[in-house]
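The next block holds one structure in the form of structure tokens; read it before the comments.
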Amino acid sequence: MAGPRTPLLRPHRYFENHDGSPPVAHALAAVAVVAVVTAGAVAVFLGEFAAALDVPVTVDNPAYPGEPFCEDSAFETTPAGCGEPPTVEREVGALVAEEYGWLPGAAFLIVPLFWLLQGAALHAGSAVVGGEGAFGDTLVVAGWGLVPSLARVVGVGALLVYRMRTTTLPGTPDGAADALATAFAGLDAAGLFAAAVVAVWAGAVRLYGLAEARDLSTGEAGAVVGVLTLLGLLAELF
């Protein structure tokens with residue numbers, strides 16, 4: 001009977017069937033999916049934020065050179081753009097989206113970086129308790145351990161979008177920002193609950209994977225994974 005194709009539901013059987021060395025290509029694909037979905041979720045959030053904060057605000061017109069250039073008679077010819085108005089009206093959400101448009105790309109790059117750091121932490125921690133095995137196998141375990149985080153990204157992201165779409169915003173920038181802050185404030189508990197669920201799920205994947213990849217008992221692997229998971233949860237709280 002063929003074993004499970006991923007370790008997400010039956011991690012013990014998956015890693016045991018692969019003798020502690022599961023396919024690296026599969027883990028790479030899993031990390032790529034996490035990176036793409038995370039970046040996509042950030043992009044969707046920025047788009048929804050821009051649509052929700054359709055509140056006008058007056059800002060300096062970048063096409064207008066400024067009074068020192070346009071009003072100074074020392075210039076023989078009027079600089080280009082002096083016919084433009086000094087200020088223009090923009091939507092707050094659009095300005096924020098433009099300012100933070102780099103975030104989806106950064107999220108895409110941070111996922112593989114976090115994967116490598118987590119793999120290094122698991123490898124070093126397992127070495128302390130006598131683990132033996134290739135770093136590549138530990139990276140596979142760390143890669144699959146990232147996948148449960150998608151449940152949190154999608155779940156919490158959906159709640160954020162729902163709150164933005166169902167919150168009535170005042171017509172002033174400060175009022176709209178305060179209304180959104182109030183709408184998001186109630187999501188702290190949901191975020192912590194999602195973090196706890198993901199920690200348990202990902203912890204099970206890492207526990208059995210690390211035990212097989214580094215030739216450890218489940219108790220030894222559990223101690224390593226438990227400490228790292230606890231540190232991660234504490235970092236989120238602070």
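The values are calculated or read from the model by the stated rules, or taken from the named source; none is laboratory data. None of the values given here were measured: they were computed from a predicted structure. FYI the Cβ positions are ideal-geometry reconstructions off the backbone, even for glycines, and counts take in every protein chain you see. All accessible areas refer to the heavy atoms of the entire protein, side chains included, with ligands and DNA or RNA removed. Shrake-Rupley method; radii C 1.70, N 1.55, O 1.52, S 1.80 Å.
Express the carbon and sulfur contribution to the solvent-accessible surface of the chain as a percent, rounded to the nearest whole number, probe 1.4 angstrom.
Values: 8660 of 13260 Å².
After summing per-atom areas, the C and S share lands at 65 percent.
How much net charge surrounds Leu216 when only the other residues with a Cβ under 13 Å from the Cβ of Leu216 are counted, with Lys and Arg +1 and Asp and Glu -1?
Working: positive: Arg206, Arg214; negative: Glu132, Asp137, Glu212, Asp215, Glu220.
Here the charged neighbours net out to -3.
Evaluate E = 1/(1 + (r/R0)^6) for Leu28 and Asp215, where r is the Cβ-Cβ distance and R0 equals 25 Å; express this FRET efficiency to the nearest 0.05.
Values: r = 23 Å, r/R0 = 0.93.
According to the calculation, E is roughly 0.60.
The GluC sites (Glu not before Pro) found in region 30-133 that occupy coil by DSSP, while having at most 16 further C-beta atoms within 10 Å, are Glu71, Glu76, Glu132. Ligands, DNA and RNA are left out, and with a 1.4 angstrom probe the accessible area of the chain is 56 Å² per residue. Looking at region 51-128, the chymotrypsin sites (Phe, Trp or Tyr not before Pro) that sit in a DSSP loop and have at most 10 other Cβ atoms within 10 Å of their own Cβ are Trp102.
Angle of helix 103-128 to the longest C-alpha principal axis of the chain, folded into 0 to 90 degrees and rounded to 10: 30°.
Stretched out fully, how many nm does the piece from Ala177 to Glu98 gain, at 0.36 nm a residue minus the Cα gap? Can you show the working numbers first?
Numbers: separation 79, 0.36 × 79 = 28.44 nm, distance 1.70 nm.
The span from Ala177 to Glu98 would gain 26.7 nm if fully extended.
For helix 149-166, what angle does its Cα long axis make with the longest principal axis of the chain, in degrees from 0 to 90 and rounded to 10? Its long axis makes an angle of about 30 degrees. Note on the chain: with a GNM built from Cα contacts shorter than 10 Å, the maximum mean-square fluctuation among Ala94, Ala177, Ala199 falls on Ala177. What the Cβ-Cβ distance of Ala158 and Glu91 gives, at R0 = 30 Å and to the nearest 0.05, is a FRET efficiency of 0.80.
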